[in-house]
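Data first, discussion second: the structure below is written as structure tokens.
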Amino acid sequence: MDGTTDARLVAGPQESWYLHAVFKEGTRLGTLPRDPLTFVEVAEVVEVTTVRVPSGRLIVDSPWPEDTDPDFKTRAGRELAERLPPGVYRLEAAWTTGPYEFMGEDFDGREVAAVRLCVSPEQVVSWEMALSVSDDIEQIRPGDRIGFNSETNMGCFADATAWSTLTETFCKFWRDSSAGRSAPRETESLLGGWFERTSDESHRADLVTFCAESSAVVWLGRTQSREIAAVVVADGLHPHAVSFSSAL
């Protein structure tokens, strides 16, 4: 590596602060946009599972086929241009709470604000948006946010070499639903259904889903030596989730 990152990809001060803070239990991230007196706090950070990435080629994208494809076939996943060391990585989720009242009933507002694939125990010193193998840095303008889109509000971490096999259950689910056949997805439910896993034992590879808004940025956390320590998707950075005016 040359030790530099294009300025168009570098996280701004607010984003950098959030990406560090969201994985620290007890941190106040800001307030609810609809209620500036109620804080959104990090309730806990939990290990969801592990993800096998034997090829070192990581896809971070929606596992669903394109809804405009009448055959609901596997689409090309957004493979990151950056390679990881082949291995098995912990997937952690940061849960936040932001209490609110709706129609006379109280809710704790508990939700997953961010997920991270833990690549290295080394400290993250900088954050940048992750390019895909098909992205052209020269087409990116300052202020652009690059990532993946999902109309189903679901993203996933998956090994690229096993992508077709790992996503087949999602394609089959849509094909069955389109044909009027009702059947549950053939996935493993994790943490009460907040996450799902599929595996391909021929490649010893996994796909694990997580909640993600329709447009999600993938962030790379780098160490002092420029190695990747974490890959993060943070739903809580969306304006509807938290107001940062009280946190910074």
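The values are calculated or read from the model by the stated rules, or taken from the named source; none is laboratory data. Computed from a prediction, not measured in an experiment: that's the story for all the values here. Ideal geometry is used to build each Cβ from the backbone, glycine not excepted, and the neighbour counts take in all protein chains shown.
Candidates in the stretch 1-40 are the residues that are part of a strand (DSSP E or B) and of a type outside the set (A, V, I, L, M, F, W, C); of these, the one that is farthest from Gln224 (Cα to Cα) is Asp35.
Being out of contact with any Leu (no Cβ under 8 Å at 6 or more places or on another chain) and exposed (fewer than 14 other Cβ atoms within 10 Å of the Cβ) is a property that Asp61 lacks.
For the stretch 9-24, state whether one or more residues are more than 22 Å from Ser120 (Cβ to Cβ), small (Gly, Ala, Ser) and surrounded by 14 or more Cβ atoms within 10 Å (Cβ to Cβ). There is no residue in the stretch 9-24 that is more than 22 Å from Ser120 (Cβ to Cβ), small (Gly, Ala, Ser) and surrounded by 14 or more Cβ atoms within 10 Å (Cβ to Cβ). Pairing residues of the stretch 180-206 that are at negative phi with residues that are part of a helix (DSSP H, G or I) and of a type in the set (S, T, N, Q), at Cβ distances under 8 Å and at least 6 apart in sequence or on separate chains, gives Arg185/Thr169; Glu186/Thr169; Thr187/Thr169; Thr198/Thr167; Thr198/Thr169; Asp200/Thr165; Ser202/Thr165; His203/Thr165. Can you confirm whether Glu66 is among the acidic types (Asp, Glu) and either modelled with pLDDT of 90 or more or outside any loop (DSSP other than H, G, I, E, B) (or both)? Answer is no for this residue. When Asp108 is tested against (1) surrounded by fewer than 16 Cβ atoms within 10 Å (Cβ to Cβ); (2) modelled with pLDDT of 95 or more, just one condition goes unmet, and that condition is (2). For the stretch 136-181, a residue qualifies if it is part of a helix (DSSP H, G or I), modelled with pLDDT of 90 or more, charged (D, E, K, R) and farther than 16 Å from Arg75 by Cβ, and exactly one does: Glu138.
Just one of the listed residues (Val53, Val60, Val48) is of a type in the set (Val, Ile, Thr) and out of contact with any Asp or Glu (no Cβ under 8 Å at 6 or more places or on another chain), and it is Val60.
Picking from residues in the stretch 26-58 that are within 30 Å of Thr169 (Cα to Cα) and aliphatic (A, V, I, L, M), the one that is surrounded by the fewest Cβ atoms within 10 Å (Cβ to Cβ) is Val46.
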